[in-house]
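Engineer: Below is a structure I'd like to ask you about.
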Amino acid sequence: MTTVTRRRLLRTATGAAALGLLPSATQAAPQKGGDDFAFFLLGDLHLDKLDHHDRSWLMAEKPGDLRQIENYSRITREVVPSLLAELKQHAASDPRIAFTTHIGDFVEGLAGTPDLAARQARESIALVSAHGPAKPFLFCKGNHDITGPGAETAWNDILMPYVAGQASVAAVDRSCFTVRHGSDTLFAYYDAYKPESLDWLEVALAKRTEKRLFVVIHPPVVPYSARSDWHLFAKPAEAALRERLLNLLGKNRAIVLCGHLHKYGTVVRETPTGRFVQVATLSVIPRAGVTPKDRREGVASYGPGVVTLEPEFSPKTRESRKQLLAAEAPYVRHFEYADATGYGIVSVKGEAVMLDLYTGLGKRKWRTLDLSALIA
């Protein structure tokens, strides 16, 4: 694994610090003026090109993924530059927007060779840098980011040093890190694919002095969709680990930002130590004019019936997925869901945390959530 050097960090630290991003481990002095800022929230991007893939490897090892690779390559080519340009317009009109948070699956992965995996990582960074706003761009690890020959090496040697430079965080090479923004807000970027990450989070939050906490993680913590066995620590053997995580998030009144399922969902989860809110953000935009569908709202909508939203998905696991939702339902205090794509802008001002969700392209605001009220 490549270590993030002090020299590499110093080259990019000035720009990140000027925008208020401070690594909590340094105990740097907080920005003056308190917490009054905003940030972009992006879901799974799966940046890709067809020539990022060794076709012979793909057809031999992952033939079922060819269609999605073709689709993500089209979206990267036709939609993503317009999305990034739209974010740049928002940033130009709102100086409070300080950075972008992305919840993983930055790249599609599945390149097939180490050289192609490295190329995919480098060209995806170049795309974001060329078309997006001149703000720090931070992300956590997604499963696609480390899938395929050479993908994990590209993550360690290219993507993590990039994030380290964006955040000015020296310890980001382990892919779990914290960043403080303003005077009272902490962001914890969680690696869902390392078993030691939960221990790391417990230690990091035990030292927390900030009033407000965002946890950025790729898979959901609370099941909310038909794929209710796709959340972190979903296996029966992991029940104790999941209980530790839930109680930790509840104790810290966390705002959890996640994705992975490519469906929007907001859930408030009660735990013995307190409640937290989870937002599974809007995701890849297939075309500019897309609109939300399959909307569900209200606690009464949460439960085994959610599996009917994807009736063809994994018939063999339908009953077990229903049982997971039934077991979770007594602890859910708020629920909404939609098959929706787009992006979000989170605004933090004083005690308030608001989330504006935009669907498709064209600055079409679809939904506004008061996240601070949901966990009050």
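Derivation of every value follows stated rules applied to the coordinates shown; laboratory data play no part. Keep in mind that this is a model prediction, so the values were computed, not measured. Glycine gets a Cβ as well: all are built from the backbone with ideal geometry, and neighbour counts include every protein chain shown.
Engineer: Please state the relative contact order of segment 246-376 as a whole percent: Cα pairs under 8 Å, 6+ residues apart?
Structural biologist: About 27 percent, as a whole number.
Engineer: Okay, next question. Just to be sure I understand the model, the point goes 7 Å from the Cα along the line to the Cβ. What's the resulting residue 368 to residue 308 distance in nm?
Structural biologist: 3.3
Engineer: Where Lys and Arg each count +1 and Asp and Glu each count -1, what net charge lies around residue 238 among other residues with Cβ under 13 Å from its Cβ?
Structural biologist: So the surrounding residues net to +1.
Engineer: Could you work out the local net charge near residue 250, counting Lys and Arg as +1, Asp and Glu as -1, over the other residues with Cβ closer than 9 Å to its Cβ?
Structural biologist: +3
Engineer: Could you list 163, 216 so that the one with the fewest beta carbons within 10 Å of its beta carbon is first and the one with the most is last?
Structural biologist: If I rank by nearby Cβ atoms, fewest first, I get 216, 163.
Engineer: Given q = 0.18, 0.22 Å⁻¹, what are the Debye log10 I(q)/I(0) values for segment 232-351, with equal point scatterers placed on the Cα positions and solvent ignored?
Structural biologist: -1.12, -1.49
Engineer: Of 212, 253, how do they rank once you tally other Cβ atoms within 10 Å and put the fewest first?
Structural biologist: 253, 212
Engineer: Mean projection of the alpha-carbon convex hull of segment 195-257 over all orientations, in nm²?
Structural biologist: Seen from a random direction, the Cα hull of segment 195-257 projects 4.4 nm² on average.
Engineer: With runs of 4+ DSSP H residues as the only contributors, calculate the mean residue ellipticity of the chain at 222 nm using -39,500 (n - 2.57) per run, divided by the residue total and rounded to the nearest 500.
Structural biologist: One gets -9000 deg cm²/dmol as the mean residue ellipticity at 222 nm.
Engineer: Specify the inter-centroid distance of segment 280-325 and segment 209-253, based on alpha-carbon positions, in whole Å.
Structural biologist: 18
Engineer: Still on this structure, I have one more. Using the Karplus curve 6.51 cos²θ - 1.76 cosθ + 1.60 with θ = phi - 60°, work out ³J(HN,Hα) for each residue of segment 347-352 in order, rounded to whole Hz, and write x for Gly and Pro.
Structural biologist: 10, 10, 8, x, 8, 8
Engineer: Would you mind telling me the antiparallel percentage of the DSSP bridges in segment 213-366, rounded to 5?
Structural biologist: Around 75 percent of the beta bridges assigned by DSSP in segment 213-366 are antiparallel ones.
Engineer: Would you mind computing Rg(Cα) / (2.2 N^0.38 Å) for segment 60-192, counting N as its residues?
Structural biologist: So segment 60-192 has a normalised radius of gyration of 1.10.
Engineer: Plugging the Kirkwood radius over Cα pairs into Stokes-Einstein for segment 120-161, at a temperature of 4 °C and a viscosity of 1.567 mPa s, what D comes out in µm²/s?
Structural biologist: It comes out at roughly 117 µm²/s.
Engineer: Let me have the relative contact order for the chain, percent, based on Cα pairs under 8 Å that are six or more residues apart.
Structural biologist: Reported as a whole number, the value is 18 percent.
Engineer: Follow-up. Determine the gain in length on full extension of the stretch residue 293-residue 50; use 0.36 nm per residue of separation and subtract their C-alpha separation, reporting nm with one decimal.
Structural biologist: 84.5 nm
Engineer: Which of 92, 357, 252 sits closest to the plus end of the dipole of the chain, meaning its Cα is farthest towards the positive end, when Lys and Arg get +1 and Asp and Glu get -1 on the C-beta?
Structural biologist: 92
Engineer: In addition: Along the charge dipole of the chain, Cβ charges K/R +1 and D/E -1, which of 136, 261, 155 sits furthest on the positive end?
Structural biologist: Ranked along the dipole, the leading option is 136.
Engineer: Give me the dipole magnitude in Debye, nearest 20, for the chain about the Cα centre, with unit charges on the beta carbon: positive for Lys and Arg, negative for Asp and Glu.
Structural biologist: 700
Engineer: Scaled to the compact-protein estimate 2.2 N^0.38 Å, what is the alpha-carbon radius of gyration of the chain, rounded to two decimal places?
Structural biologist: With N residues counted in the chain, Rg over 2.2 N^0.38 Å equals 0.93.
Engineer: Quick check: pseudo-label points 7 Å beyond the Cα along Cα→Cβ at residue 329 and residue 238, how many nm apart are they?
Structural biologist: My value for the distance between the label points is 2.4 nm.
Engineer: Next up: Please rank 354, 59, fewest neighbouring Cβ atoms within 10 Å first, as an exposure proxy.
Structural biologist: If I rank by nearby Cβ atoms, fewest first, I get 59, 354.
Engineer: Here's something else I'd like to know. Within the chain, what percent of beta bridges assigned by DSSP are antiparallel, to the nearest 5?
Structural biologist: Antiparallel bridges make up about 65 percent of those DSSP assigns within the chain.
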